[in-house]
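This report concerns only the one structure given below.
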Amino acid sequence: MKYIKFFNQIDINDVSLVGGKNASLGEMYSSLGSLGVKVPNGFATTSEAYWLLIEENNLKDKIKAILSDLDISDIKSLEKKGSKIRKLILNAKLPLILENEIKKSYKTLSKEYKTKAIDVAVRSSGTAEDLPDASFAGQQDTFLNINNEKAFLEAVKKCFASLFNNRAISYRQSRGYDHLKVALSVGVQKMVRSDESSSGIMFTIDTESGSQNLIMINSIYGLGENIVGGKVIPDEFFVFKPTLKKGISTILKKQLGSKAKKMIYSGKKLDKTKNISITKKEQNSFSLSDEEIITLASYGLKIEEHYSKLSGIYQAMDIEWAKDAKSGELFIVQARPETVQSKKEKYILQNYNLLVKEDERKTILTGQAIGDKIGAGVVKIITKLSDSHIFKEGDILVADTTDPDWEPLMKKAAAVITNKGGRTCHAAIVAREIGVPAIVGCINATKLLKDGDKVTVSCAGGENGYVYKGILKYKIQKIDIDNLQEPKTKLFMNVGDPHKAFLFAKLPNQGVGLARMEFIINNFIKAHPMALFDIYNGKKVEDEKEIKNFIKGYKDPKSFFIEKLSQGIGMIGAAFYPKPVIVRTSDFKSNEYKNMPGGKAYEQDEENPMIGFRGASRYYSKEYQKAFEWECEALKKVRDEMGLTNVKIMLPFVRTPVEGQKVIKIMNKKGLVQGKNSLEIYAMCEIPSNVIFADEFLKVFDGYSIGSNDLTQLTLGVDRDSALIAHIFDERNKAVTRMIAMVIEQCKKQNKYIGICGQAPSDYPEITRFLVQNGIDSISLNPDSLLKMRQVVVELENSKNS
């Protein structure tokens, strides 16, 4: 056939013939099947078929005339011109030879799958689409569940016409593509019956931090158009590539999306699909099993490796997948190069930082952050694209959802906020490409915000985006991290929030000196651990309804606690892998535990919680030991099952060596043994007894990390929560620095690790210099102090050597 090619006849070199999407499908169908990657068969019309349609119907000059005075900033004019061209193509007659070849190919495909009229997806594939430098994501149309000849031929013409969708015209014009030199191929592919199962999108790169070590999967029930169109909030999963390559299944994140509806076959002749609400049970369940997550991730890895080999450079991929309800198999239905993160300058970091203190900001709403920028302006709620004339350059675009037709409007926005959508919807993809901060999945943005509101949209805080009241000041800092001198003293970071770990890991660092487990418990688990333990054992607890809401999607409270905690720890461990990550076991005080859901029944009122029931004494007590054992199980899972052996463990507030021995005995019973699988267990050095009795403590532990906050408090006898004596609290006090010097000397004498993770070196350059001069192994700093203190360390080390 002259104008049709089946997938086994095309490969990635045929972009000019069948477009980027179809060339990629042919490449995968032909080359990756032997590696276990499943791609449904199909065929494509060639670009010559498109030009034949244009020539036989004398459309070229007419299209050229309509586009002669094109101004894509005039959205109404753009809509009129696009509509005129689409009508020309829809009213054109398909050339007879092309029509016959299409019918013949459809019959051949139907015969292969042993049916008279196979149900197919009919997709557009532009010859300038899905290239490494431009995604063109969602620019042309797709038609699903087409299963008769008449509807099939109509869908083919609609695909040809969609080359001149408003969004496609705008996209090509803004990127310098000649409209009359870009052709369109129509891809026809066997439908995967995901309407009765699940489907979604997978990126082989973290779309926000740009980390090449992550595979991100978004998943929903039903056909995948809802996820692409941003109609629902999907489930989200992260898989760690380096361990996956070693055959270890490391799922770093499982986040339940609301998945409020699903698209299914309608059974009607005209509208082939329809949306229906899903059950509460489906909403509260993950749409993929752990095994399916890993299967998809392994497909993604194979696809990425194949395309990287073809291009000769690393090539991250943007992949669409679907699960067939009848066979239970997972299929890849599209793959294209990722075009945003993989093209960023590797050694230039651009940091956006709000200049207003956190406690002075008023949060209106939150959602999923797209990008890492900040935008501020006046709110304009747009319910339909025809209202776009009221939208001014620099406004904040607020909508229920957006689709690729809104791209010209999004270009004018200072930021975009939507009720619906996830990280892989078209709104998110377009926002990344044009560099506009966006927050998606806010649920009620169009209710909480009003036209004319002045707001600041911040995506600079990691995974979560925040909409703040008013126009807040912020700064943009560009950092060139290429050719930085590596200091001899290891510079670690203090990282509490797993959501920010991969962003922080881009900074020049040598690991993590403090990852606070209590932060993860507070933000990922939320309930008092002993309340979860009692629910697991069939007991009634206070706030039970609220707590059970937290554990949706998990088998029981124990699996919820261990999985969520291991995912939070694992996210930090993976972000910095293979550099060391020191995780401190939970260090809440009784008053902090009490405020958690279910907490009142398990905590007593203490006069001074700061020196009360906290740290090691809690772990071996009958009141908390069972929960600590769960913490140990989570840590063992991170190291042994997830393969993150770079994670080390640190115990807080160990008052005596005997306490340390008691806790380590419990850890040993749970499989955490010093030296096994390179495990090291440290203690916080934050009590005067830790310094005075260091020789005995260091027989129990592999090293120390100095907690300068508590050590200052307890050395000077100052309650750091008391405003009345706050002026006395000073880590630079000579009594404190003498304590620090003494413990560094003791650790050096016994050849044990000694670092510091307290606040002092982040605040005071003189403390940083003092620590380096005394030979400390590592200094763990807050991320915002890292570069400044790095310079202090390098200058001091260079002066010592000169």
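The values are calculated or read from the model by the stated rules, or taken from the named source; none is laboratory data. Bear in mind that the values here come from a model prediction, so they are computed numbers and not experimental data. Counting neighbours? That spans all protein chains shown, and the Cβs are built from the backbone with ideal geometry, glycine included. Heads up: the accessible areas ignore ligands, DNA and RNA and are worked out on the full protein's heavy atoms, side chains in. Shrake-Rupley method; radii C 1.70, N 1.55, O 1.52, S 1.80 Å.
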Original post:
Under 15 Å Cα-Cα from LYS21, which aspartates and glutamates qualify once same-chain neighbours fewer than 8 residues away are excluded?
Top reply: ASP11, GLU129, ASP130, ASP133, ASP141, ASP318, GLU320, GLU338
Original post:
Taking the structure as given and computing semi-axes √(5λ) of the Cα gyration tensor in Å, which label from [x] 52, 32, 30; [y] 54, 28, 25; [z] 55, 33, 27 fits?
Top reply: [y]
**OP:** Could you tell me which of the pairs LYS5/LYS64; LYS62/LYS93; LYS626/LYS665; LYS93/LYS181 are separated by over 19 angstrom between their Cα atoms in the structure shown?
**Re:** LYS5/LYS64; LYS93/LYS181
Original post:
Counting DSSP beta bridges in the chain, what percent are antiparallel, to the nearest 5?
Top reply: 70 percent
Original post:
What aspartates and glutamates sit close enough to LYS488 to cross-link, taking a C-alpha to C-alpha distance under 12 Å and skipping anything fewer than 8 places away on the same chain?
Top reply: ASP777, GLU795, GLU797
**OP:** Provide the per residue accessible area, probe 1.4 Å, for the chain, rounded to a whole number of square angstrom.
**Re:** 41 Å²
Original post:
How large is the charge dipole for the range 292-441, taken about the Cα centre, if only the Cβ atoms of Lys, Arg (+1) and Asp, Glu (-1) carry charge, to the nearest 20 debye?
Top reply: 240 debye
Original post:
Calculated FRET efficiency, GLU606 and ASP290, Cβ-Cβ r, R0 41 Å, to nearest 0.05?
Top reply: 0.50
Original post:
Which Cα, out of VAL188, THR204, GLY247, lies furthest along the positive dipole direction of the range 154-248 (beta carbon charges, K/R +1, D/E -1)?
Top reply: VAL188
Subject >> Nonlocal amide H pairs with ASP235, under 5 Å, H built at 1.01 Å >> reply: SER219, GLY257
Subject >> Solvent-accessible ranking of SER258, SER785, largest area first, probe 1.4 Å >> reply: SER258, SER785
Original post:
Using modelled backbone amide H atoms (1.01 Å from N, in-plane), which distant-in-sequence or interchain residues come within less than 5 Å of LEU252's amide H?
Top reply: PHE238, VAL239, PHE240
Subject >> Rounded Å value of the spacing that divides the Cα centres of the range 257-332 and the range 218-244 >> reply: 7 Å
Original post:
In units of 2.2 N^0.38 Å, what is the alpha-carbon radius of gyration of the range 230-355?
Top reply: 1.31
Original post:
Which value in nm describes the separation of the simple spin-label points at ARG361 and ASN668, placed 7 Å from the Cα toward the beta carbon?
Top reply: 4.7 nm
**OP:** Distance check, please: which entries in LYS373/LYS545; LYS323/LYS545; LYS111/LYS309; LYS81/LYS384 exceed 27 angstrom between their Cα atoms?
**Re:** LYS373/LYS545; LYS323/LYS545; LYS111/LYS309
Subject >> Distance (nanometres) between label positions extended 7 Å along Cα→Cβ at SER73 and HIS727 >> reply: 5.9 nm
Original post:
Which percent of the accessible area of the chain is formed by carbon and sulfur heavy atoms (probe 1.4 angstrom)?
Top reply: 48 percent
Original post:
Probe 1.4 Å, all protein chains in place: accessible area of THR295 in Å², nearest 10?
Top reply: 50 Å²
Subject >> Cα-based Lys proximity count in the range 218-280, under 16 Å, for pairs eight or more positions apart or on separate chains >> reply: 13
**OP:** Please sort through the DSSP H helices of the chain and keep those with an alpha-carbon extent of at least 15 Å along the long axis and a Kyte-Doolittle average not below -0.5.
**Re:** 15-31, 75-90, 149-161, 290-311, 557-576, 657-669, 734-749, 786-801
Subject >> P(r), alpha carbons of the range 658-802 - 10 Å bins starting at zero, rounded % >> reply: 11, 37, 33, 17, 3, 0
Original post:
Shape call for the range 534-690 from the C-alpha gyration tensor, a ≥ b ≥ c root eigenvalues: rounded (a/c under 1.5), prolate (a/b greater than b/c) or oblate?
Top reply: oblate
**OP:** Quote the accessible area belonging to LYS488 in square angstrom, nearest 10, computed with a 1.4 Å probe and with ligands, DNA and RNA left uncounted.
**Re:** 150 Å²
Original post:
If r is the Cβ-Cβ distance from LYS84 to ILE276 and R0 is 45 Å, what FRET efficiency results, to the nearest 0.05?
Top reply: 0.80
Original post:
What is the set of long-range amide H partners of GLY367 at a cut-off below 5 Å, with H atoms built 1.01 Å from backbone N?
Top reply: GLY465
Original post:
Mind ordering 106-116, 74-84, 448-458 by average Cβ neighbours within 10 Å, highest first?
Top reply: 448-458, 74-84, 106-116
Original post:
Dipole magnitude of the chain about its Cα centre, charges +1 at Lys/Arg Cβ and -1 at Asp/Glu Cβ only, in debye to the nearest 20?
Top reply: 1600 debye
Original post:
At 222 nm, what helix-only mean residue ellipticity would the chain give, in deg cm²/dmol to the nearest 500, using -39500 (n - 2.57) for each DSSP H run of four or more?
Top reply: -10000 deg cm²/dmol
